[in-house]
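Notes follow the structure.
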Amino acid sequence: MAMNDSVNILNSAYLAVEYIDSFLPDNPLQQPFKNAWNYMLDNYTKFQIATWGSLIVHEVSYFLLCVPGFVFQFIPYMQKYKIQQDKPETWEKQWKCFKTLLFNHFFIQLPLICGTYYFTEYFNIPYEWEEMPKWYVLVAQCFGCAVIEDAWHYFLHRLLHHKRIYKYIHKVHHEFVSPFGMQAEYAHPLETLILGTGFFIGIVVFCNHVILLWAWVICRLMETIDVHSGYDVPLNPLHLVPFYAGARFHDFHHMNFIGNYASTFTWWDRIFGTDSQFIAYKEKEKKQQLITKKKAN
């Protein structure tokens, strides 16, 4: 009975969104996107699209999303938004990070990406434009992938912090006490495989078109680069996402090493009380700010 009620609610929500969408103006970018998509299908094989297309989407998205955080370090005005202001980025650390990233991307992640075509063939995932889900379905699917990945990340990430295994794997990622965007995928190869598995679970559950693979890649990179950026910018649109953890939440994890284990949302840390030190830290910050204001007045 409960299952039927849930299905009815989801169907009603879908119909409501579809009804609202019918009143929205046509997207001027839709036709150019359709032309480009069909051109790709006509000129490249499915293997080329799934493999090299996925690699290009990952690499271009990753480094483009890193650009704002990288540029912020050269803008004095943005320094007031830097969370750990006493720990600026250094060229030495950024170069070391970049070299490790290239190794992980091409020797760890690329072999996994090469399996994308076989995944789409095994599960009969379509590539055709006519089969592409509507934008609101894609958004819902990406959110579902994020919820699944977040649960996986919380428990496996917390396990990687266990004192018996921390120094062998996860310690690599914690070389940077004050993180920066490019460091998001700076990790031990085993960690890339262990935590990266959570990315694929949602794909297995929701994927009904190859576009979801790329949309979810972009969404996941957007989130992980943001929380590692080291900057808490007030007008960040990701703050509109309910229960979104954000840069300040994850930055504390790098600074403190204990707690705040989730990747995207705050609920698992709240449920298990692993955000208690973060909450205490925020309260201490607020009291310190009040004392500073009183002294200034």
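The values are calculated or read from the model by the stated rules, or taken from the named source; none is laboratory data. Because the structure is predicted, anything quoted here is derived from the model rather than measured. Cβ: placed from backbone, ideal geometry, glycine included. Neighbour counts: every protein chain shown. For the accessible areas, the whole protein counts, side chains as well, though only heavy atoms, and no ligand, DNA or RNA atoms are used. Shrake-Rupley method; radii C 1.70, N 1.55, O 1.52, S 1.80 Å.
Within the range 269-291, the set of residues being under 18 Å from Ala146 (Cβ atoms) and either of a type in the set (Gly, Ala, Ser) or open to solvent by 60 Å² or more (accessible area, probe 1.4 Å) (or both) comprises Arg270, Ile271. Look at Phe199 and say whether it is free of Cβ contacts under 8 Å to residues at least 40 places away in the same chain and part of a helix (DSSP H, G or I). For Phe199, the condition - free of Cβ contacts under 8 Å to residues at least 40 places away in the same chain and part of a helix (DSSP H, G or I) - is not met. Check whether at least one residue in the range 219-233 is assigned to a helix (DSSP H, G or I) and farther than 27 Å from Thr100 by Cβ, and report yes or no. Taking every residue of the range 219-233 in turn, none turns out to be assigned to a helix (DSSP H, G or I) and farther than 27 Å from Thr100 by Cβ. Screening Trp52 on (1) in contact (Cβ under 8 Å) with a residue 12 or more places away in the chain; (2) within 23 Å of the chain's Cα centre (by Cα) shows it passes everything except condition (1).
The lone criterion from (1) at pLDDT 95 or above; (2) closer than 30 Å to Met78 by Cα left unmet by Pro179 is number (1).
Checked against (1) over 18 Å from the mean Cα position of the chain (by Cα); (2) modelled with pLDDT of 95 or more, Phe265 passes all but condition (1). Scanning the range 174-196 for residues that are under 15 Å from Cys97 (Cβ atoms) and within 16 Å of the chain's Cα centre (by Cα) yields a count of 11.
If you go through the range 88-102 one residue at a time, do you hit one that is open to solvent by less than 60 Å² (accessible area, probe 1.4 Å), farther than 30 Å from Phe252 by Cβ and not aliphatic (A, V, I, L, M)? No - not one qualifying residue is present in the range 88-102.
Of the candidates Trp129, Trp135, the single residue that is more than 21 Å from Phe265 (Cα to Cα), surrounded by 14 or more Cβ atoms within 10 Å (Cβ to Cβ) and modelled with pLDDT of 95 or more is Trp129. Residues in the range 103-124 that are open to solvent by 30 Å² or more (accessible area, probe 1.4 Å) and farther than 18 Å from Pro189 by Cα: Tyr117, Tyr118, Phe119, Glu121, Tyr122, Phe123, Asn124.
Scanning the range 226-239 for residues that are among the aliphatic types (A, V, I, L, M) and under 15 Å from the mean Cα position of the chain (by Cα), which turns out surrounded by the most Cβ atoms within 10 Å (Cβ to Cβ)? Top of the filtered list is Val227. As a summary of the residue check, Asp42 satisfies the conditions (1) surrounded by 10 or more Cβ atoms within 10 Å (Cβ to Cβ); (2) at pLDDT 95 or above; (3) of a type outside the set (Ser, Thr, Tyr) except for the one numbered (1).
You will find that of Ala215, Ala247, the residue that is of a type in the set (A, V, I, L, M), touching a strand residue (DSSP E or B) at 6+ places or on another chain (Cβ under 7 Å) and open to solvent by less than 40 Å² (accessible area, probe 1.4 Å) is Ala247 and no other. Listed by first and then second residue, the pairs linking a residue in the range 149-173 that is β-branched (Val, Ile, Thr) to a residue that is crowded, with 17+ Cβ neighbours inside 10 Å, with Cβ atoms under 8 Å apart and 6 or more places separating them unless they lie on different chains, are Ile169/Leu160; Ile169/His188; Ile169/Glu191; Ile169/Ile194; Val172/Tyr186; Val172/Ala187; Val172/His188; Val172/Glu191. The condition of being crowded, with 16+ Cβ neighbours inside 10 Å, in contact with a Ser or Thr (Cβ under 6 Å, 6 or more places away or on another chain) and either within 28 Å of Pro88 (Cβ to Cβ) or at pLDDT below 95 (or both) holds for Glu223.
If you check Gly69 against the conditions, is it small (Gly, Ala, Ser), touching a Ser or Thr at 6+ places or on another chain (Cβ under 7 Å) and in contact (Cβ under 8 Å) with a residue 40 or more places away in the chain? For Gly69, the condition - small (Gly, Ala, Ser), touching a Ser or Thr at 6+ places or on another chain (Cβ under 7 Å) and in contact (Cβ under 8 Å) with a residue 40 or more places away in the chain - is met.
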